[in-house]
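Okay, so here's the structure we're looking at.
Taken together, the values in this text are just the output of simple stated rules run on the coordinates, not laboratory data. Note that the structure is a prediction, hence the values are computed from the model and not measured. We place every Cβ from the backbone using ideal geometry, glycine too, and count neighbours over all the protein chains shown.
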């Protein structure tokens, strides 16, 4: 019987060869993995197919175009916090949808968009990075639900959970007011809000705002309660260039986009008044915030507004009773001069107040004058912007020639709702005035906004009125960037147990149709087997 040959033992050369082959195979596998990963990150080489019914993983073409054409880098900071009752669940849903939307935007931006998520679960132990970003962005307080801050090159835009990213329906938790319904997301507008914010912070043009000076206006550099430093800083953050103009020294009004008269307590000179009127009539934009004491006269701020369809009451301020500690309404105190304008005092479908209405925000005015309509230029649209509460009255001075009030209505006091802010828009009445940052998208149109209280823009109330002020200046500068994006809200697929029709359909399908089909299939199978 022949013996099998004993296999030769591996020498060191064989072992080295095998080791080299294994090492080379590992290197090639790693290189192939890295190459495939790199190729997968190239947008031009990537093939995507969105299989969701609502196309939730696909951005609108307008959004894709803006992301690819952004002139610079845009940073998005997420400061999400716990939503307030009753939005615990739906608030988290909006946050999750916003995070997914941002992941898609980052993926399709070609590296121009970056997102940083800050952990706010423990407010007592915020990271140094989170604290520094809050300081850089000027975020002092974060409301329930949190904020999304879009920034670029020193400009920033704040998007809030309610009103900006989504409209939330609180539902009904009180059985005494009808069937109990949970809170829900009425509409999710995260994509169009994000797109508008990106357009605003990344635009090339810088609107110029000129504030009149030398007539007792609010000091923009003053940090006190009646100063305008907060407004100045916010406008700079929003991308506006700020300048001042004192025409009493003979200087001409510089080219600008918006002229602001911030509580002028003295009349303009004839030359100043003529320049302001010509600027607006030539398609310029103006905001006039009135002081509590009327200036009057031919060249006052009130006469300037009267040329464009807005009449200011000569005397009096708008007051309203305030809640007392006993639960009733109280008069006779200075707090009655604070007009609080809620949703019922704001018009719908207006670019200035629309986002305030959906978010349930309020505007506060202190010692506000009452406004009415006056003869307007041809084809002018004069609209009420803010209205006082129904229980308001017009408070007149206690003595003629004095600006002192007792804040008590009497039998002769005019009562009702008063207009506290108005806007007027009309085609230019003369050759279009030069604007500092004119662009093709801006339609030649004169716009005037009258605010009955200059204190609404002062430091003491600016924290409450910030959104209103930003919206007002954006409207004046033609920066309404609420771009329309088709809604992709998922259809509600809930079974309404309170109606008999859906219950009957379910019974027919589950009890009759499906068992009948099974019985028919069984009969066909039995019949075919019998024939075999």
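Taking the mean number of other Cβ atoms within 10 Å as a proxy for protection, how do you rank 363-375, 78-90 from highest to lowest? All intermediate terms of the calculation are to be shown ahead of the outcome.
Details: 363-375: 20.9, 78-90: 17.5.
Most protected by this proxy first, the peptides run 363-375, 78-90.
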Please compute the modelled spin-label separation between residue 65 and residue 127, points set 7 Å along Cα→Cβ, answer in nm with one decimal. 3.7 nm
Over what distance in Å are the Cα centres of segment 206-262 and segment 116-142 separated? 31 Å
Of (1) 23.6; (2) 34.9; (3) 49.4, the label for mean projected area of the Cα convex hull in nm² derived from the coordinates: (3)
Label-zone membership for segment 309-324, site residue 415, 7 angstrom Cα→C-beta point, backbone N under 12 Å: 321
Using alpha-carbon pairs under 8 Å, 6+ residues apart, how would you state the relative contact order of the chain in percent? 13 percent
What FRET efficiency would be calculated for the residue pair residue 82, residue 270, taking the C-beta separation as r and a Förster radius of 60 Å, to the nearest 0.05? 0.50
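Which FRET efficiency value, to the nearest 0.05, is calculated for residue 180 and residue 408 with the Förster distance at 45 angstrom and r the Cβ-Cβ distance? Please list the in-between numbers first.
Values: r = 45 Å, r/R0 = 0.99.
It comes out at approximately 0.50.
Summing -39500 (n - 2.57) over the DSSP H runs of n ≥ 4 in the chain and dividing by its residue number, what mean residue ellipticity at 222 nm do you reach, to the nearest 500 deg cm²/dmol?
Numbers: 12 runs with 159 residues, N = 532.
The per-residue figure over the chain is -9500 deg cm²/dmol.
Please report the antiparallel percentage of the DSSP beta bridges confined to the chain, to the nearest 5. All intermediate terms of the calculation are to be shown ahead of the outcome.
Working: 42 of 66 bridges.
Close to 65 percent.
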Hey, what angle do you get for helix 12-40 against the long axis of the chain, alpha-carbon based, 0 to 90 degrees rounded to 10? 30 degrees
How do the peptides 465-477, 177-189 rank, highest first, by the average count of neighbouring beta carbon atoms within 10 Å per residue? 465-477, 177-189
Roughly speaking, what is the stretch gain from residue 325 to residue 107, that is 0.36 nm per residue apart minus the C-alpha to C-alpha distance, in nm to one decimal? 73.0 nm
Calculate, in nm to one decimal, what residue 11 and residue 519 gain on full extension: separation in residues at 0.36 nm each, minus their alpha carbon distance. 175.6 nm
Just want to confirm a number: the relative contact order over segment 205-307, from Cα pairs under 8 angstrom separated by 6+ residues, in percent. 29 percent
Output the 0 to 90 degree angle, nearest 10, between the alpha-carbon long axis of helix 270-281 and the longest principal axis computed from the alpha carbons of the chain. 40 degrees
Between segment 336-409 and segment 151-196, the alpha-carbon center distance in angstrom: 27 Å
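Could you calculate the FRET efficiency of residue 344 with residue 298 from 1/(1 + (r/R0)^6), where r is the beta carbon distance between them and R0 is 41 Å, rounded to 0.05? Mind dumping the intermediate values first?
Details: r = 37 Å, r/R0 = 0.91.
Once the sixth-power term is evaluated, E becomes 0.65.
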Helix 514-531: angle to the longest alpha-carbon principal axis of the chain, degrees 0 to 90, nearest 10? 20 degrees
Quick calc: nm separation of the 7 Å Cα→Cβ label points for residue 92 and residue 73 -> 3.4 nm
Which shape class applies to segment 208-476: rounded if a/c is under 1.5, otherwise prolate when a/b exceeds b/c and oblate if not, where a ≥ b ≥ c are the square roots of the Cα gyration tensor eigenvalues? prolate
How much length is gained on full extension from residue 379 to residue 172, taking 0.36 nm per residue of separation minus their Cα-Cα distance? 70.0 nm
